[in-house]
There are 2 protein chains.
Amino acid sequence: MTATGTERPLTPAGRRVLDTASRLFYERGINTVGMDLIADQAGVTKKTVYDRFGSKDALVAAYLAARDRRWRAWVGEYTAAAEGPRERALAVFDALEAWMEGLDPRGCAMVNACVELTDPDHPGLRVAHEQKRWTRELFLGLAAEAGAADPEETADALLVLHEGAVVAYNTAGVRTAVRTARRVAGDLLSR
Amino acid sequence: MTATGTERPLTPAGRRVLDTASRLFYERGINTVGMDLIADQAGVTKKTVYDRFGSKDALVAAYLAARDRRWRAWVGEYTAAAEGPRERALAVFDALEAWMEGLDPRGCAMVNACVELTDPDHPGLRVAHEQKRWTRELFLGLAAEAGAADPEETADALLVLHEGAVVAYNTAGVRTAVRTARRVAGDLLSR
DNA sequence: AAGTAACCACACCGGTCGGTATACTCGCAG
DNA sequence: CTGCGAGTATACCGACCGGTGTGGTTACTT
């Protein structure tokens, strides 16, 4: 309830809890981080955590939603700054590279959530899936705008490159994965 | 110790444990499956599990190693059956598509392990990373064989497409992701 | 002055986690 | 016939899991 729907400004303690939870969930994984640890690290009692967020599931969903919001804004800046349809599509990869530069070796939080949250009804899964749907729609619009022969097919390809770059970077240690993906995407949009 | 190193033929109960654990770890996630559940489902006491595998970490590593062995053999069949260097490279994507056809919506076990296992010293991580390293080497050899201008760069691109296809399929619901990845890979190898 | 939202401290709940200990039975090889 | 590996059954361990309840203290409204 509190998670994604309403945009209540969050109390100071609530903010601290969400920030702390975000860091811990991302760095150590959702399932391995307990509510006790989050409360402790946030300098807050567990009671306060449950007063603000209601349940761990809701807190997880809030974490994912906040991160999603940040990511969309981040990408928006890059695509807005780019000139021309082809460059706007490639700007998504620039955004990704800059985003990942921030020392994360832990991959995409949404993908991780899909792996960690086994229960198909978990509220966090909807956030994760929605973000991937959004990304595909973004690519679809950009592909069409760039005059791709088959925008749907091109959007799929761009999404594959996008997701693959993150995974290749994080699990196979391919440090140049994003740049490689961008190059292939560029070829794709040139034909 | 017992996990990856030696190839002890596994006792009947040990087999049952490993098979059960493999299914549960993959379907429900490593962290959410307890040793009690594995023992129960395998029709075995927890004592037996620990007698055979020593620890959960070792059992996890054994699960990943077994799955890795199966995957390599699977890919080997496809690449061996293909004619010509270009087709051999694309055969990896055919292998992937056929592999995933087996009703899994849970993605790559190695990638999942990288997400779930936070401890950098976990023995399962080495198995997972080694499999990705192997896959990249496979692509590197095939790219060179196919006469790619820059085999390293091409191998990276093929790996990105490979990993991205699985993720796009499982988290974004792009059902044709593997075929799309294969098509882009084909373009890549034609130039 | 009264009410209320936000927080604190702390104690507690049933259940599960990974892992161990003890003691016993079975089949098989020396 | 004896020893041993493989397996059974059961009970236990401390730690942690998500979550609740009680009671009290601020601080800002109305």
**OP:** Mind counting lysine pairs for me in the protein assembly as shown? Cα separation below 27 Å, and the two need to be 8 or more apart along the chain or on different chains.
**Re:** 8
Subject >> Max mean-square fluctuation residue, GNM over chain B, Cα-Cα springs under 10 Å, options B:THR32, B:THR180, B:THR20 >> reply: B:THR32
Original post:
Which number do you get for Rg(Cα) / (2.2 N^0.38 Å) in the range A:146-191?
Top reply: 1.20
Original post:
Considering every residue in B:130-139, what mean count of other chain Cβ atoms within 10 Å of its Cβ is obtained?
Top reply: 2
Original post:
Which Cβ of chain B lies nearest the axis of the rotation superposing B onto A, and at what whole-Å distance?
Top reply: B:GLY164, 1
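Note down the relative contact order for the range B:84-184 as a percent, whole number, built from C-alpha pairs under 8 angstrom at least six residues apart.
Details: 78 pairs, mean separation 32.5, N = 101.
Reported relative contact order: 32 percent.
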Original post:
Thinking of the protein assembly as shown as a set of Cα atoms, what percent of all their pairs are more than 34 Å apart?
Top reply: 32 percent
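Scale the Cα Rg of the range A:49-91 by the rule-of-thumb value 2.2 N^0.38 Å and send over the ratio, two decimals. Each step should come with its number before you reach the end.
Details: Rg = 16.1 Å, N = 43, 2.2 N^0.38 = 9.2 Å.
So the range A:49-91 has a normalised radius of gyration of 1.76.
On average, how many beta carbons from a partner chain sit within 10 Å of the beta carbon of a residue in B:177-190? Could the numbers behind the result be given before it?
Working: counts 6, 1, 2, 10, 5, 0, 3, 11, 1, 0, 5, 3, 0, 0.
That average works out to 3.
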**OP:** Give the nm distances, rounded to one decimal, from B:ARG28 to the matching residue in every other copy, measuring between label points 7 Å along Cα toward the beta carbon; shortest first.
**Re:** 2.3
Original post:
Against the longest alpha carbon principal axis of chain A, how many degrees, from 0 to 90 and to the nearest 10, is the axis of helix A:177-190 turned?
Top reply: 40 degrees
Original post:
Taking the Cα centre of each part, how many Å lie between the range A:122-189 and the range B:134-191?
Top reply: 14 Å
Subject >> Other protein chain Cβ atoms within 10 Å, averaged over every residue that makes up B:148-159 >> reply: 4
**OP:** In nm to one decimal, list the spacings between the A:GLU130 label point and its equivalents in the other copies, with label points set 7 Å along Cα to Cβ, shortest first.
**Re:** 4.2
Original post:
How do A:116-124, A:86-94 rank on mean C-beta neighbours within 10 Å, highest first?
Top reply: A:86-94, A:116-124
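Could you check how many percent of all C-alpha pairs in the range A:8-54 are farther apart than 13 Å? Before the final figure, lay out each step's value.
On the way: 524 of 1081 pairs.
Roughly 48 percent, rounded to a whole number.
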**OP:** Starting from a label point 7 Å past Cα on the Cβ side, list the distances from B:ASP51 to the same position in the other copies, nm, shortest first.
**Re:** 5.4
Subject >> Over 21 Å [Cα-Cα, the range A:13-149], rounded percent >> reply: 48 percent
Subject >> Total formal charge among the other residues, if their Cβ is under 13 angstrom from that of A:ALA91, Lys/Arg +1 and Asp/Glu -1 >> reply: -3
**OP:** Would you mind computing, in nm to one decimal, how far apart the modelled labels at B:ARG133 and B:ASP40 are, each placed 7 Å from Cα along Cα→Cβ?
**Re:** 3.9 nm
Original post:
Of the peptides B:9-16, A:183-190, how do they stack up when ordered by the mean number of other Cβ atoms within 10 Å, highest first?
Top reply: A:183-190, B:9-16
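Quick note: the coordinates plus some simple rules give every number you see, no bench work behind them. Predicted, not measured: the structure shown is a model, and the values here were computed from it. Cβ coordinates were reconstructed from backbone atoms using ideal geometry, including for glycine residues, and neighbour counts include every protein chain displayed.
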